[in-house]
Amino acid sequence: MTSASHAAILIQRVQQRTSALEIVYKSHDRWPLRPVRSNCRPRRPIRISVLDSSFNPPTLAHLALAKSRPVHPFPSSPPPTASSSSHRDGNVVDRGDSEREEREERRSEGNVIVNCDGSSLLVSDSEAYMGLNDYDARLLLLSVRNADKSLASTDASYVQRIEMMIRLARKLESELLSTTASTSSTNDDEVDDSSTRPSGGTTNTANVAVAIIDEPTFVRKSSVLLAALQERIQSLLSSSTPAAHPAPTPQLTFLVGLDTLERMFAPRYYPSPDAMLASLSKFLGSPPSGEGSRVVCARRVMSEWIVPGAEDDVSLDKYMRLREDAVVHAAHIFVDDGSVAFFNLNGEEMSLSSSGVRKKVKDGTEWRDMVPPNVADCISQERLYV
């Protein structure tokens, strides 16, 4: 685990622009690639979810959001269909010259996974669909500068937040591995040596990282992340695979709440409405003119919301719907093309917030069930928010 002194050095490097991005924790040295070296390169983008937050502190809502799967199937990994393969005596038979031409890349063909060496792995429809329609890697991101906020005296320091983020990452890893074990996920696009792979074709390692950046807006964060991650992927692959194909590009999906999405489409954060549209078009537009990033917004109940000027009979749910409708209207171009999407964050974690945790800690009321247990231990040990 990163020491406090080392974390402070990394923060200083980012703030002084010595480094654009610092990865302070990762599940394994090859993140965001799969952990085991491969003899071939993945040819589709490396799909990375990015949870960018203040993590002051991380809550179970952060954990639920970080665990979430894509709202829509990735275009490169369609759900299994009867037309994609034929079944003969329980086996799947590959059909089509165009399919065979790409055997060097592992891909989904109904419920057969084809490896770069031509071998096949037969899995269930649900395994193929769930595995190939998940993110390849997950990133917890902390900006050491915020466009709207400055640190209050009772806030956790950046070093303390990094410690809590690492604990959140470890909890996330354990839950992802538990899910992988129960679904036998087959989300591998690099071929692992058969002697080191668990049965069923999965690698028994989560793919999570924690990083810090010094950028105030999502538009800039996307650009910096893409450049830094592209360089990292290229470096990792150049030492292990022949350069028969270019290194894959990272594809980012930012996981946000409604309040964050509102700020993203608020003209006050841009020089002009035209500048806002130009920035967001670069951020969310398709390559080559755009960066191809996506935004997924979780719907959740915000118990601390105050409805300005509302009558007593105005429900919080109605207010939330009105806010979402306003954002959808502002972002309709990007909602229509699928680069901005919404999903429901189910369960009790829908109502959890970092500010709610801070208030309960300060008031001396029960709060530990709002955060992961290892994060709760950190808050108690550091005497945060009292």
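The values are calculated or read from the model by the stated rules, or taken from the named source; none is laboratory data. Remember, predicted model here, so these are calculated numbers, not experimental data. As a convention, Cβ positions derive from the backbone with ideal geometry for all residues, glycine included, and neighbour counts pool all protein chains shown.
Here Thr59 passes the criteria (1) surrounded by 15 or more Cβ atoms within 10 Å (Cβ to Cβ); (2) modelled with pLDDT under 95; (3) touching a helix residue (DSSP H, G or I) at 6+ places or on another chain (Cβ under 9 Å) except the one numbered (2). Applying the condition of being part of a helix (DSSP H, G or I) and surrounded by fewer than 18 Cβ atoms within 10 Å (Cβ to Cβ) to the stretch 224-240 and asking which residue is farthest from the chain's Cα centre (by Cα) yields Ser238. The C-beta contact set for the stretch 151-163 (first residue within 15 Å of Ser380 (Cβ to Cβ), second residue assigned to a loop (DSSP other than H, G, I, E, B), distance under 6 angstrom, 6+ apart or interchain) comprises Ala156/Asn56; Ala156/Leu384.
Applying a threshold of 7 Å to beta carbon distances and a minimum spacing of six or more residues, or different chains, the list of pairs starting in the stretch 174-185 at a residue that is modelled with pLDDT of 85 or more and ending at one that is in a loop (DSSP other than H, G, I, E, B) and surrounded by 13 or more Cβ atoms within 10 Å (Cβ to Cβ) reads Leu176/Ala206; Leu177/Ala206. A Cβ distance below 8 Å, combined with a sequence gap of six or more or placement on separate chains, defines the contacts here; from the stretch 320-331, residues that are at pLDDT 85 or above reach residues that are part of a helix (DSSP H, G or I) and among the charged types (D, E, K, R) in the pairs Ala326/Glu262; Val327/Glu262.
Restricting attention to the stretch 316-356 and to residues that are among the small types (Gly, Ala, Ser) and assigned to a helix (DSSP H, G or I), the residue that is nearest to Ser68 (Cα to Cα) turns out to be Ser351.
Residues that are modelled with pLDDT of 90 or more and among the β-branched types (Val, Ile, Thr) within the stretch 236-254 comprise Thr249, Thr253, listed in sequence order. When restricted to residues that are under 24 Å from Leu60 (Cβ atoms) and surrounded by 14 or more Cβ atoms within 10 Å (Cβ to Cβ), the stretch 328-354 contains 10.
If the condition is being under 14 Å from Ser223 (Cβ atoms), outside any loop (DSSP other than H, G, I, E, B) and touching a residue at least 24 places away in the same chain (Cβ under 8 Å), then the stretch 276-299 contributes Ser279, Leu280, Lys282, Phe283, Leu284.
The single condition from (1) modelled with pLDDT of 85 or more; (2) part of a helix (DSSP H, G or I) that Pro271 fails is (2).
For the stretch 137-158, the candidate set comprises residues that are among the hydrophobic types (A, V, I, L, M, F, W, C), within 22 Å of the chain's Cα centre (by Cα) and surrounded by 18 or more Cβ atoms within 10 Å (Cβ to Cβ); within that set, the residue that is modelled with the lowest pLDDT is Val144.
Among the residues of the stretch 356-386, those identified as surrounded by 15 or more Cβ atoms within 10 Å (Cβ to Cβ) and within 15 Å of His62 (Cβ to Cβ) are Gly356, Val357, Arg358, Trp367, Met370, Val371, Pro372, Asn374, Val375, Ala376, Cys378, Ile379. Only residues that are buried (at least 19 other Cβ atoms within 10 Å of the Cβ), under 16 Å from the mean Cα position of the chain (by Cα) and closer than 16 Å to Val328 by Cα were counted in the stretch 256-302, giving 8.
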